[in-house]
Amino acid sequence: MSDVILNNICKTYNKGIVLAVDDVSFSVGKGELFGLIGPDGAGKTSIFRILTTLLLADSGSASVNGYDVVNDYKKIRQHVGYMPGKFSLYQDLTVEENLKFFATVFNTTIEANYELIKEIYIQIEPFKKRRAGKLSGGMKQKLALCCALIHRPTVLFLDEPTTGVDTVSRKEFWDMLKRLKQEGITILVSTPYMDEATLCERIALMQDGKIMSIDTPKNITKQYAEILYAIKASNMSHLLSDLRLNKLIRSCNAFGEYHHITFNDDLKNSKSELLNYLKSKNYISIEIKQVAPTIEDCFIKLMNK
Amino acid sequence: MRILRFLLQKEFKQIFRNKSLLPMIFLMPIIQLIVMPLAADYEVKNINLSIVDHDHSTYSQKLTSKIISSGYFILSDYGNSFKNSLQQVEQDKSDLILEIPQGFEKNIVRENKQKLFIAVNAINGTKAGLGGAYINNIIFNFNNDLRNDWIQSMRYNQIPTIEIVSSNWFNTFLNYTFFMVPGILVVLVTMVCIYMCSLNIVKEKEIGTIEQINVTPIKKFHFILGKLIPFWVIGVFIFSVGLFVVGRLVYGIIPVGNAGLVYAFLSLYLIAMLGLGLLISTYSETQQQAMSVAFFFMMVFLLMSGLFTSIDSMPEWAKIIANCNPVTYFIEVMRMVVLKGSNFSDIKNHFIIMTGFAVLFNSWAILNYKKTS
């Protein structure tokens, strides 16, 4: 039984000029941690807003918890938790007041579901008398998650929860999600960070409103057919343009301190031919090695298709 | 009900924590109510008068001192050249020129008539109109005094005249503050309601909290009531302070009619105005937009409400606008009940019309307020 189902959802803005979501279909199973991965403007937020009944799709159907997003929106609103990308709690209310407010709104109390949020809330409890607007970014995020969880939702929608949060807090946040998953909560999370994709059980890679691929992160990287090399040399920016001009190279992308390249023909001599070419161009301390493809490599490949 | 109570609690907490909004709501109306009526004074005083006297006779002296002693005029120049006086007007040193011709006294005595010349700087129409009227009146009185002097000596040749004696009702001493303060109070209450209500809701949109609220089971009407009730309470509070504290202590205005009737109308009026604020908020995405739209409506409401200028003297098209303006009706009701002591049957129509406004604005706003886009 799937908790979230989308069938051919389309959404346009500005009277059909801007296509935000283009014929998207997927489903998320009960208790699954599902990631929507894509750059800004890929249509992730639009999908979230359709699923949380804030936005009406132009065509297609969707259901959450078995309830239709259009006809049974009232039921959905009682059972889902939504954490928008932008911090949207009352900045002039204190941490405790915000939490209490959202508990009341869902006709419950903090005490009733304290167990669920305990581990997260305990970290911000020392600041419970502080106004939400005065919290640090990571704390705000934790508070927002608490507020989204206070009514023990069956499905949790997290729209870019880690954008603008430091690396340590990001890691903590994903740990929290894993614990929530164990509570049986279905989690839909979106992120522009490819490195977070591997933390999800299943991911959908999105670009320009379309889903390019849906699978487990492992399977997606497995589908990367070519052999991928990482290359490094003295002058990296020149190296990039030289590699792109070279006929041996199929693709070349900057990737941290290395450039990731694939060859047109995966032959042994391609590599040595390239090395000779680079030496002739006066590059020194050239380093080349085979690497395992990451989600980002897959994403770039799919994007260029 | 529990949810509504919580929404109200939250709303009041937010209002009382807002350190810049709070003085705006409570202090501004009181200060404005004390300052604004003083500025919106209809009586024109301190008119600079320049007299060109070609006669230099007893009568011309008498006329001059009579004019100056009226208290409305300040003698800025006394000379015998009209050209010089005109220059004074051009330099804005005087507003009005009175030219007394040569042989003024002689001609009155011998030929029983004389003409005076008055030139008024009409850039400020009100000042010119009233200044001209005042000086005409003074000269008319001067003329009567002269006549009385003469008639006494010619007892058998009495000229029949009609003397008009008027008595001012409802505002015996023509105290303009009695007329202005109730009207200004209406405008202030309106301002606080429209601005605060629309800005408050748009702020939730801007910060994004409305998104969070929209995905909860809060009902539309709970949310709207949660927004309207606090500002309704604030509106009633400001009105009470304005009427009973500032109005009574500063201006000595004591409602002649039933204060309960005023409150009944205020309750209805606030519902209508908060509905308008809500309506503005449903059409605006940012506080800036809401502010601009609210400001536009405020300006029209203010100038076309009969607060400063009489609606009866407006052109037909303007009368139509004034009649579509809810502020007009409340100002009328205030003046009728507070000054005249009108009762319910006198303002029945106002109640009916205001109910119409309340229903129109609120139902429009509620229809336009969507939780889903």
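Every read-out reported here was derived from the displayed coordinates using simple, explicitly stated rules and does not represent laboratory data. For clarity, every value in this text was computed on a predicted model and none was experimentally measured. Glycine gets a Cβ as well: all are built from the backbone with ideal geometry, and neighbour counts include every protein chain shown.
Could you tell me the center-to-center distance, by alpha carbons, between segment A:254-292 and segment B:288-306 in angstrom?
If you average the Cα positions of each part, the centres end up 69 Å apart.
Using 7 Å Cα-to-Cβ label points, what is the A:Val168/A:Glu226 separation (nm, one decimal)?
4.0
Within segment B:230-332, report the GluC sites (Glu not before Pro) that DSSP leaves as loop and that have at most 13 other Cβ atoms within 10 Å. Kindly include the intermediate steps, with their values, before the conclusion.
Working: sites: B:Glu285, B:Glu316, B:Glu332; in loops: B:Glu285.
In loop regions of segment B:230-332 (DSSP not H, G, I, E or B), the sparsely surrounded GluC sites (Glu not before Pro) are B:Glu285.
Mind running the shape call on segment A:1-44? Use the C-alpha gyration tensor, a ≥ b ≥ c as the square roots of the eigenvalues: rounded below 1.5 for a/c, prolate if a/b tops b/c, oblate otherwise. Provide the component values of the computation, followed by the final result.
Numbers: a/c = 4.07, a/b = 1.83, b/c = 2.23.
Oblate, since a/c reaches 1.5 and b/c is not below a/b.
Report, in degrees rounded to the nearest 10, the 0 to 90 angle that the Cα long axis of helix B:2-17 makes with the longest principal axis of chain B.
50
Using +1 on the beta carbon of Lys and Arg, -1 on that of Asp and Glu, and nothing else charged, what's the dipole of segment A:173-305 about the Cα centre, debye to 20?
300
Which of the lysines could a cross-linker span from A:Lys15 if the Cα-Cα distance has to be under 23 Å and same-chain partners fewer than 8 positions apart are dropped?
Hits, sequence-local ones excluded: A:Lys44, A:Lys210, B:Lys205, B:Lys370, B:Lys371.
Suppose only helical runs count, i.e. DSSP H with n ≥ 4. What mean residue ellipticity at 222 nm does that imply for chain A under -39500 (n - 2.57) per run, divided by all residues and rounded to the nearest 500 deg cm²/dmol?
Here the helix-only value at 222 nm equals -10500 deg cm²/dmol.
Once you place label points 7 Å from the Cα toward the Cβ at B:Asn148 and A:Asn219, how far apart are they in nm?
Computed distance between label sites B:Asn148 and A:Asn219 equals 11.2 nm.
Pick out, from A:Gly66, A:Gly38, A:Ser136, the residue whose Cα sits farthest towards the positive end of the charge dipole of segment A:2-221, with +1 on the Cβ of Lys and Arg and -1 on the Cβ of Asp and Glu.
A:Ser136
Taking K and R as +1 and D and E as -1, what net charge do the other residues with C-beta under 11 Å from the C-beta of A:Thr162 add up to?
-4
With the dipole of segment A:224-304 worked out from charges on the C-beta (+1 for Lys and Arg, -1 for Asp and Glu) around the Cα centre, which of A:Ile231, A:Phe255, A:Leu275 lies farthest toward the positive end?
A:Leu275
Kirkwood Rh over alpha-carbon pairs of segment A:64-170, then Stokes-Einstein at 4 °C and 1.567 mPa s: what D in µm² s⁻¹, rounded to an integer?
Numbers: Rh = 14.3 Å.
D, rounded to a whole number, is 91 µm²/s.
Computed over the Cα atoms, what is the radius of gyration of chain A divided by 2.2 N^0.38 Å, N being its residue count?
Taking the Cα Rg and dividing by 2.2 N^0.38 Å, one obtains 1.18.
Using the structure shown, list the pairs from B:Lys62/B:Lys113; A:Lys222/A:Lys268; A:Lys222/A:Lys305; A:Lys140/B:Lys227; A:Lys86/A:Lys301; A:Lys86/A:Lys134 with a Cα-Cα distance above 20 Å, or answer none.
A:Lys222/A:Lys268; A:Lys140/B:Lys227; A:Lys86/A:Lys301, as the Cα separations exceed 20 Å there.
5 Å is the cut-off here: which amide hydrogens, built 1.01 Å from N in the peptide plane, fall below it relative to A:Lys210, excluding neighbours closer than 5 in sequence?
It is A:Asp22, by chain and number.
If I fit a long axis through the Cα atoms of helix B:176-207 and take the longest principal axis of the Cα atoms of chain B, what angle between them do I get, 0 to 90°, rounded to 10?
Approximately 30 degrees, to the nearest ten.
Can you give the extra length, in nm with one decimal, that the chain gains between B:Asn141 and B:Lys62 once fully stretched, where that is 0.36 nm per residue apart less the Cα-Cα distance?
27.2 nm
Once Rh is set to the Kirkwood radius over Cα pairs, what Stokes-Einstein translational diffusion coefficient, in µm²/s, holds for segment A:224-304 at a temperature of 10 °C and a viscosity of 1.306 mPa s?
124
Quick one: angle between helix B:220-240 and the longest Cα principal axis of chain B, in degrees between 0 and 90, rounded to 10, please.
Helix B:220-240 sits roughly 30 degrees off the main axis of chain B.
Above 41 Å lies some portion of the pair distances; for the protein assembly as shown, what is it as a whole percent of all C-alpha pairs? Please list the in-between numbers first.
On the way: 125338 of 229503 pairs.
That tail contains 55 percent of the Cα-Cα pairs.
Name the residue from B:Ala272, B:Ile207, B:Met354 whose Cα lies farthest towards the positive end of the charge dipole of chain B, charges +1 on Cβ of Lys and Arg and -1 on Cβ of Asp and Glu.
It is B:Ile207.
Mind checking the dipole of segment A:2-221: about its Cα centre, +1 per Lys or Arg Cβ, -1 per Asp or Glu Cβ, Debye to the nearest 20?
520
Can you put A:Thr221, A:Thr191 in order, fewest other beta carbons within 10 Å first?
Taking fewest neighbouring Cβ atoms as first place, the list is A:Thr221, A:Thr191.
For B:Asn323 and B:Phe117 in one chain, what is 0.36 nm times their gap in residues minus the Cα-Cα distance, to one decimal in nm?
Answer, rounded to one decimal: 69.9 nm.
Zone of A:Asn282 (label point 7 Å along Cα→Cβ, backbone N under 16 Å): which residues in segment A:232-252?
From segment A:232-252, the list is A:234-239, A:242.
Counting other C-beta atoms within 10 Å, which of B:Trp169, B:Trp232 has the fewest, and how do the rest follow?
B:Trp169, B:Trp232
Give the value in nm², to one decimal: projected area of the alpha carbon convex hull of chain B, averaged over all directions.
Spelled out: convex hull of the Cα atoms, projected over all directions, averaged, 25.1 nm².
DSSP loop (so not H, G, I, E, B), at most 10 other Cβ within 10 Å: list which trypsin sites (Lys or Arg not before Pro) in segment A:185-249 pass both filters.
Filter output for segment A:185-249: A:Lys247.
When we measure straight from the Cα of B:Lys127, which lysines land under 17 angstrom away, once same-chain ones fewer than 8 places off are left out?
B:Lys45, B:Lys93
Report, ordered by chain and residue number, the aspartates and glutamates lying within cross-link reach of B:Lys115, taken as a straight Cα distance under 15 Å and ignoring same-chain residues fewer than 8 apart.
Result set, ordered by chain and number: B:Asp53, B:Asp55, B:Glu99, B:Glu105.
How big is the gap, in Å, between the Cα center of segment B:320-361 and the Cα center of segment B:167-221?
Distance between centres, Cα-based: 17 Å.
Given only helices, namely DSSP H runs of n ≥ 4 each adding -39500 (n - 2.57), what is the per-residue ellipticity at 222 nm of chain B, to the nearest 500 deg cm²/dmol?
Calculated from helices alone, the mean residue ellipticity at 222 nm is -21000 deg cm²/dmol.
Tell me the relative contact order for segment A:224-304 as a rounded percent, counting alpha carbon contacts under 8 Å between residues six or more apart.
It comes to 41 percent, rounded to a whole number.
Just to verify a number: FRET efficiency for A:Asn8 and A:Asp265, C-beta to C-beta distance, R0 = 51 Å, to 0.05?
Calculated transfer efficiency: 0.80.
So if I take the centroid of the Cα atoms in segment B:62-119 and the same for segment A:105-159, what is the distance between those two points in Å?
83
Report the charge-dipole magnitude of the protein assembly as shown in Debye, nearest 20, computed about the Cα centre from +1 at each Lys and Arg Cβ and -1 at each Asp and Glu Cβ.
Rounded to the nearest 20 debye, it is 1120 debye.
Apply 1/(1 + (r/R0)^6) to the Cβ-Cβ distance of A:Asp40 and A:Gln290, taking R0 = 35 Å, and write down the FRET efficiency to the nearest 0.05.
Working: r = 32 Å, r/R0 = 0.91.
Calculated transfer efficiency: 0.65.
Given axes a ≥ b ≥ c from the Cα gyration tensor, I'd like to know whether segment B:47-153 is rounded (a/c under 1.5), prolate (a/b larger than b/c) or oblate. Intermediate results must be reported in sequence, preceding the final value.
On the way: a/c = 2.29, a/b = 1.58, b/c = 1.45.
Prolate, since a/c reaches 1.5 and a/b exceeds b/c.
Extending each Cα 7 Å along its Cβ direction at B:Asn368 and A:Lys134, get the distance between those two points in nm, one decimal.
It works out to 3.8 nm between the two label points.
Which ³J(HN,Hα) values, rounded to whole Hz and listed in residue order, are derived for segment B:86-92 from phi using the Karplus coefficients 6.51, -1.76 and 1.60 in 6.51 cos²θ - 1.76 cosθ + 1.60 with θ = phi - 60°, glycine and proline given as x?
4, 4, 4, 5, 4, 7, 6
Taking loop as defined by DSSP and a crowding limit of 16 other beta carbons within 10 Å, which trypsin sites (Lys or Arg not before Pro) in segment B:274-373 fit?
When the trypsin sites (Lys or Arg not before Pro) of segment B:274-373 are filtered for loop state and at most 16 Cβ neighbours within 10 Å, B:Lys370 remain.
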